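Peer 1: Take this structure, written in structure tokens, and hold onto it; I'll ask about it next.
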Amino acid sequence: MKASDLMVKCLEEEGIEYIFGVPGEENADFMMSLESSDDIRFVLTRHEQGAAFMAEIYGRLTGSPAACLGTLGPGATNLITGVADANMDRAPMLVITGQGSTSRLHKESHQIMDVVKMFEPVTKWASTIVHPDTIPEIVRKSVRIARSEKPGAVLIELPEDVAEHDTPALPMKPIRFRRPVAGQEMIAAAVEKIRQAKRPVILAGNGCVRKRASEYLRKFCDDTGIGVLNTFMAKGAVDYDKPYCLYTIGLGAKDIGTCAIDAADLVISIGFDMVEYHPKLWNAEGNKSIIHIDFTPAEVDKHYHPEIELVGDIAHSLSALVHEFEDIETDFDLGQQQATRADMKSEIDNFENEETEGTIKPQKVLLEVQKIYGDDGLLLSDVGAHKMWIARHYHCKTPNGCLIPNGFCSMGFALPGAIAASLVDPDRKIMGIAGDAGFMMNVQEMETATRLNSNITMMVWEDNAYGLIAWKQWAQFGKHTDLSFNNPDWEALAKAFAWQYQAVPNSKDLQQAMQNAIDHKGPSLIVIPIDYDENKKLTARLGELSCSI
């Protein structure tokens with residue numbers, strides 16, 4: 001068969017369901033082959049970056065890769081931000097790019113650049129297909145690498161002349177392998193270390209939102225009562241209503257959750273990604289006793305030097321701990337953890353009766369959003385000042401119930417991400433929250449949402465500025481540079497793309513507006529004026545923070 005037909009057959013064999021992207025001339029053969037597929041759906045996007053974010057969210061929600069596609073040159077460079085975001089946030093993804101004919105890759109030529117080298121820093125592996133007979137091996141290797149812990153992005157480049165060639169090769173059948181597990185002697189050492197501790201605390205990272213890992217983490221905490229601080233990307237690893245949920249940690253400043261780590265004589269880090277929250281922020285002296293439980297060995301860092309490492313499948317390691325502690329009586333001092341939970345819960349609940357007009361406080365918005373989406377809905381956060389408030393004040397009951405980009409932290413994530421989430425689970429309540437800056441970075445995907453009739457709600461927090469940068473500059477220098485801009489007529493914008501639109505300037509109208517959006521079939525836009533004076537107040541409060549115990 002033709003090489004491009006073979007590549008599609010290989011992707012089908014791997015169970016690839018979606019390819020998001022913008023094709024070009026150099027993808028022409030591949031696109032013709034893809035059109036004949038009954039198993040793979042191609043979703044045309046309005047920008048390659050949006051395609052990459054869509055593939056990322058599919059990967060984070062399902063654990064299996066989707067693909068994003070671009071042509072050579074500018075098509076490939078447009079993909080790279082979303083690809084880097086997926087790779088650093090541990091989302092399995094295939095990246096497929098076209099390339100010019102191999103007969104002109106060795107010299108100066110129109111739109112030619114070394115795409116493989118360009119993508120090597122932001123992928124787990126990047127390769128070009130130089131011979132059509134190698135397609136089955138390259139596709140099989142790419143999917144295996146993308147799916148293997150820790151998951152990430154893999155690039156396959158298909159030059160246009162290679163795509164045209166005939167080949168006798170056939171797809172390879174995927175054979176899955178079981179992840180390696182931690183040794184029993186190390187598990188026994190970890191059990192003994194935990195038994196000897198008086199004030200252990202769990203730091204749950206991105207690896208804990210895998211379904212089985214979350215299940216056993218909850219059982220372990222039910223048995224032991226040990227409290228859990230989750231990173232931004234580990235929201236929902238434990239139920240926020242449980243007494244051992246100590247909420248989220250990860251701000252650059254000392255926060256309430258830091259008190260639980262300060263008081264701990266043992267930190268059990270599970271699925272922790274250093275790219276999210278550097279250990280120097282919670283282990284400045286480098287003297288904390290640490291157990292590392294993860295798919296891979298610990299990164300070498302003077303602030304993160306574990307005494308014991310359980311390297312292997314996280315769910316298996318947690319299952320082993322659950323089994324060991326079933327018959328062990330524990331006598332932990334959890335007073336500081338209980339105080340930490342109470343103090344943070346008080347801050348969250350403090351805005352229940354807050355009623356404002358003209359602007360709405362971030363805490364109030366998220367309290368109302370959580371009432372509707374926190375149990376079984378999905379919230380996607382873009383990047384900006386709102387992300388800090390979502391991380392601190394929004395909590396959910398299910399793994400991956402709140403998706404925040406926190407490794408690479410790219411703006412423009414929420415709108416395309418919400419569209420992908422609606423494809424994965426069209427019956428789920430899905431909301432994306434973005435700042436006015438982040439929303440405009442991929443605003444063109446409003447058309448994609450309309451074309452797909454995506455049942456999503458996008459909420460824009462309007463402050464007419466790059467609010468997070470202003471917040472950080474103010475905190476460091478006492479002032480900030482000019483970061484203000486103008487916004488479009490939101491109602492006219494929504495109308496132009498055939499979205500439902502609601503402006504909500506009053507906190508008392510939030511609940512009804514969100515329900516109206518959920519009841520509407522198709523995409524909906526809610527714009528609220530946000531009170532970012534709360535940013536300075538939070539910085540001042542955290543600067544004076546003292547732990548309850």
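The values are calculated or read from the model by the stated rules, or taken from the named source; none is laboratory data. It should be emphasised that the depicted structure is a prediction, and the values quoted were computed from it without experimental measurement. Reconstructed Cβ throughout: ideal geometry from the backbone, glycine too, with neighbour counts over all protein chains shown.
Peer 1: Where the second residue is among the β-branched types (Val, Ile, Thr) and surrounded by fewer than 22 Cβ atoms within 10 Å (Cβ to Cβ) and the first is assigned by TED's automatic domain parsing to the domain that holds ASN442 and lies in the range 374-399, which pairs have Cβ atoms under 7 Å and are six or more apart or on separate chains?
Peer 2: Between residues of the range 374-399 that are assigned by TED's automatic domain parsing to the domain that holds ASN442 and residues that are among the β-branched types (Val, Ile, Thr) and surrounded by fewer than 22 Cβ atoms within 10 Å (Cβ to Cβ), the close pairs are ASP376/THR398; HIS393/ILE348.
Peer 1: Examine the range 517-527 for a residue that is free of Cβ contacts under 8 Å to residues at least 40 places away in the same chain, surrounded by fewer than 19 Cβ atoms within 10 Å (Cβ to Cβ) and among the hydrophobic types (A, V, I, L, M, F, W, C), and state whether such a residue exists.
Peer 2: no
Peer 1: Ok, one more. So, in the range 421-476, how many residues would count as being assigned to a loop (DSSP other than H, G, I, E, B) and of a type in the set (Ser, Thr, Tyr)?
Peer 2: Initially, the range 421-476 is screened for residues assigned to a loop (DSSP other than H, G, I, E, B), giving 425-429, 442-444, 453-456, 463-464, 466.
Filter once more, keeping what is of a type in the set (Ser, Thr, Tyr): 454, 466.
Qualifying residue count for the region: 2.
Peer 1: Another one. In this structure, is GLY250 assigned by TED's automatic domain parsing to the domain that holds ALA315 and either farther than 22 Å from VAL322 by Cβ or part of a helix (DSSP H, G or I) (or both)?
Peer 2: Yes, satisfied.
Peer 1: Those residues that are touching a Ser or Thr at 6+ places or on another chain (Cβ under 7 Å), surrounded by 24 or more Cβ atoms within 10 Å (Cβ to Cβ) and farther than 16 Å from GLN337 by Cβ, I need them from the range 207-230; list them, please.
Peer 2: Scanning the range 207-230 gives a single hit, CYS208.
Peer 1: Hey, can you tell me all the residues within the range 452-469 that are over 29 Å from LYS371 (Cβ atoms) and in contact (Cβ under 8 Å) with a residue 24 or more places away in the chain?
Peer 2: Within the range 452-469, the first condition is being over 29 Å from LYS371 (Cβ atoms), and the residues that meet it are 466, 469.
Scanning the range 452-469 gives a single hit, TYR466.
Peer 1: Right, another one. Can you tell me which of LYS302, LYS280, LYS242 is within 24 Å of ARG210 (Cα to Cα) and more than 22 Å from the chain's Cα centre (by Cα)?
Peer 2: On the way: LYS302 fails: within 24 Å of ARG210 (Cα to Cα); LYS280 fails: within 24 Å of ARG210 (Cα to Cα).
Unique residue meeting the criteria: LYS242.
Peer 1: Would you mind telling me which numbered condition in (1) in contact with a strand residue (DSSP E or B) (Cβ under 7 Å, 6 or more places away or on another chain); (2) part of a helix (DSSP H, G or I); (3) without any contact (Cβ under 8 Å) to a residue 40 or more places away in the chain VAL369 fails?
Peer 2: (3)
Peer 1: Another question, then. Restricting attention to the range 477-516, which residues are closer than 25 Å to ASN442 by Cα, in a strand (DSSP E or B) and either of a type in the set (Gly, Ala, Ser) or touching a residue at least 40 places away in the same chain (Cβ under 8 Å) (or both)?
Peer 2: The answer is SER484, ALA503.
Peer 1: If you scan the range 130-183, which residues turn out to be more than 32 Å from the chain's Cα centre (by Cα), assigned to a helix (DSSP H, G or I), at pLDDT 95 or above and not β-branched (Val, Ile, Thr)?
Peer 2: So the first thing to find is which residues in the range 130-183 are more than 32 Å from the chain's Cα centre (by Cα), and the list is 130-134, 160-170.
Among the residues that remain, those that are also assigned to a helix (DSSP H, G or I) are: 132-134, 160-164.
Imposing the further condition that a residue be at pLDDT 95 or above reduces the set to 132-134.
The answer is PRO132, ASP133.
Peer 1: Could you run through the range 312-327 and say how many residues are crowded, with 18+ Cβ neighbours inside 10 Å and either among the β-branched types (Val, Ile, Thr) or part of a loop (DSSP other than H, G, I, E, B) (or both)?
Peer 2: Matching residues across the range 312-327 total 4.
Peer 1: What is the one condition in (1) over 23 Å from the mean Cα position of the chain (by Cα); (2) assigned to a strand (DSSP E or B); (3) not polar (S, T, N, Q) that PHE20 does not satisfy?
Peer 2: With (1) over 23 Å from the mean Cα position of the chain (by Cα); (2) assigned to a strand (DSSP E or B); (3) not polar (S, T, N, Q) applied to PHE20, the lone miss is (1).
Peer 1: Got a sec? Which of ILE175, ILE129 is over 18 Å from GLU56 (Cα atoms) and free of Cβ contacts under 8 Å to residues at least 24 places away in the same chain?
Peer 2: On the way: ILE129 fails: free of Cβ contacts under 8 Å to residues at least 24 places away in the same chain.
The match here is ILE175.
Peer 1: Go through the residues of the range 39-62 one by one and say whether even a single one is surrounded by fewer than 23 Cβ atoms within 10 Å (Cβ to Cβ), of a type in the set (Ser, Thr, Tyr), over 20 Å from the mean Cα position of the chain (by Cα) and at pLDDT 95 or above.
Peer 2: no
Peer 1: For THR330, all conditions in the list (1) assigned to a helix (DSSP H, G or I); (2) within 15 Å of ARG195 (Cα to Cα) hold save one; what is the number of the exception?
Peer 2: (1)
Peer 1: Right, another one. Please name all residue pairs, on different chains or six or more residues apart, with Cβ atoms under 7 Å, provided the first residue is in the range 328-356 and is without any contact (Cβ under 8 Å) to a residue 40 or more places away in the chain and the second residue is assigned to a loop (DSSP other than H, G, I, E, B) and buried (at least 17 other Cβ atoms within 10 Å of the Cβ).
Peer 2: Sorted first by the residue in the range 328-356, then by its partner, the pairs are PHE351/LYS361.
Peer 1: Then there is this: Output yes when any residue across the range 160-168 is within 12 Å of ALA3 (Cβ to Cβ) and of a type in the set (Val, Ile, Thr), and no when none is.
Peer 2: yes
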